[in-house]
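> The structure that follows is given in the form of structure tokens.
No value in this document is a laboratory result; all are computed from the given coordinates. Given the structure is predicted, the values throughout are model-derived calculations rather than measurements. Cβ placement follows ideal geometry from the backbone for every residue including glycine, while neighbour counts extend to all protein chains displayed.
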Amino acid sequence: MSGRTYVTPEDVKTSLVEILRHRILLTFEAISEELNVESLIRTVVEATPVP
């Protein structure tokens, strides 16, 4: 990424929505609560500490 031979936590954070968006299906309940996949992924990323 960006000419490096390694990946940083920031690289993962910026790519995660594009990588996971098509793999997550919301339930009818989540859709009725007006949740969306992108905000769900961002919430999980923000709540997960970087090792």
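> Can you sort VAL50, VAL12 so the residue with the fewest Cβ neighbours within 10 Å comes first? Walk me through the numbers before you get to the answer.
Working: VAL50 9, VAL12 13.
Ordered by Cβ neighbours within 10 Å, fewest first: VAL50, VAL12.
> Let me ask you something else. So between GLU10 and GLU46, what do we pick up on full extension, going 0.36 nm a residue minus the alpha carbon distance?
Working: separation 36, 0.36 × 36 = 12.96 nm, distance 1.15 nm.
Contour length minus the Cα-Cα distance gives 11.8 nm.
> What is the Cα convex hull volume of the chain when expressed per residue in Å³? List each step's numbers first, then the result.
Working: hull volume 4.3 nm³, N = 51.
Dividing the Cα hull volume of the chain by its residue count gives 85 Å³.
> For the chain, take the longest principal axis of its alpha carbons; what is the angle in degrees between that and the long axis of helix 9-20, to the nearest 10 within 0 to 90?
40 degrees
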